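Heads up, the thing below is written out as structure tokens.
The values are calculated or read from the model by the stated rules, or taken from the named source; none is laboratory data. Computed from a predicted model, the values in this text were never measured in an experiment. Glycine gets a Cβ as well: all are built from the backbone with ideal geometry, and neighbour counts include every protein chain shown. We work out accessible area using only protein heavy atoms, side chains counted, and drop any ligands, DNA or RNA first. Shrake-Rupley method; radii C 1.70, N 1.55, O 1.52, S 1.80 Å.
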Amino acid sequence: MTIRVLIADDQEMVRAGFRMILEAQPDIEVVADVPNGVEALRRATELRPDVCLLDIRMPGLDGLEVTRRLAGPDVADPLKVVIVTTFDLDEYVATALAGGASGFLLKDAGPALLVEAIKAADRGDALVSPQITVRLLKHFSAPAKSPVRQPVDALTEREVDVVREVARGCTNTEIGAELFMSLSTVKTHLAAVQQKIGARNRVEIAAWAWRSGMMADG
């Protein structure tokens, strides 16, 4: 299966560099690269790529607004979005993830992490640059300003184990290896957790775990 990717960045050299890195992969195809947010929204809606790789600061519409329109909570059939930017301000990260982004990378993260972020988003995982993850976890572990939502039904012991691994930044494959589960079992547990706590994706599961105090002894 080929992963179809759209690239949106206002710098032509950046787009060319990303295209070169991604098209060197046998299972990735760049279906479009565009210089602004308006074109990104139009082409993404038209082409329905598997993953959209978006810069934040672009003419017309910024990457955060494009993300919200393509992957936000009100979108009926959301696309996968990975934000790649030179700016790692906390409010950008929070807004991108709240808007439905499946990953957040800095442009200096390197080719290997870029490719892994695309593949992670395509398979339903989320990848955030390590230097950003540390700050995110610190933010999530701070006392919540409002009560943390409680699960509709109590999590099982195995679901708690899976949630903790997600909150540590592990992929489904890593969780399976750590907990001696098949990949399908991990996905089943994650689906159950999402339904119980009202989370849309694994990033929200991780945030919930840290805010609820589940990671205090982890």
Go through (1) open to solvent by less than 20 Å² (accessible area, probe 1.4 Å); (2) free of Cβ contacts under 8 Å to residues at least 12 places away in the same chain; (3) not acidic (Asp, Glu) for SER182 and report which single condition fails. (1)
Condition check for ALA101: of a type in the set (Gly, Ala, Ser), at pLDDT 85 or above, assigned by the TED database to the domain that holds VAL82 and part of a loop (DSSP other than H, G, I, E, B): yes
Scan ILE28, ILE3, ILE56 and give me the residue that is free of Cβ contacts under 8 Å to residues at least 60 places away in the same chain, touching a helix residue (DSSP H, G or I) at 6+ places or on another chain (Cβ under 6 Å) and of a type in the set (A, V, I, L, M, F, W, C). ILE56
Set VAL75, VAL14: member being within 25 Å of GLY198 (Cβ to Cβ), modelled with pLDDT under 95 and of a type outside the set (Gly, Ala, Ser): VAL75
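For every residue, the table says whether it meets (1) within 20 Å of ALA126 (Cβ to Cβ); (2) buried (at least 21 other Cβ atoms within 10 Å of the Cβ); (3) out of contact with any strand residue (DSSP E or B) (no Cβ under 6 Å at 6 or more places or on another chain).
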{"residue": "PRO35", "(1), (2), (3)": "no, no, yes"}
{"residue": "MET58", "(1), (2), (3)": "no, yes, yes"}
{"residue": "VAL75", "(1), (2), (3)": "yes, no, yes"}
{"residue": "LYS80", "(1), (2), (3)": "yes, yes, no"}
{"residue": "THR95", "(1), (2), (3)": "yes, no, yes"}
{"residue": "LEU105", "(1), (2), (3)": "yes, yes, no"}
Where THR67 falls short, out of the listed (1) open to solvent by 10 Å² or more (accessible area, probe 1.4 Å); (2) part of a helix (DSSP H, G or I): (1)
Go through (1) surrounded by fewer than 21 Cβ atoms within 10 Å (Cβ to Cβ); (2) in a loop (DSSP other than H, G, I, E, B); (3) more than 15 Å from the chain's Cα centre (by Cα) and name the single condition MET20 misses. (2)
Identity of the residue in segment 136-178, basic (Lys, Arg) and modelled with pLDDT under 75, that ends up surrounded by the fewest Cβ atoms within 10 Å (Cβ to Cβ): LYS145
I'd like to check something: does segment 50-62 contain any residue that is outside the structural domain of LYS196 (by the TED database), touching a Leu at 6+ places or on another chain (Cβ under 9 Å), at pLDDT below 75 and among the acidic types (Asp, Glu)? no
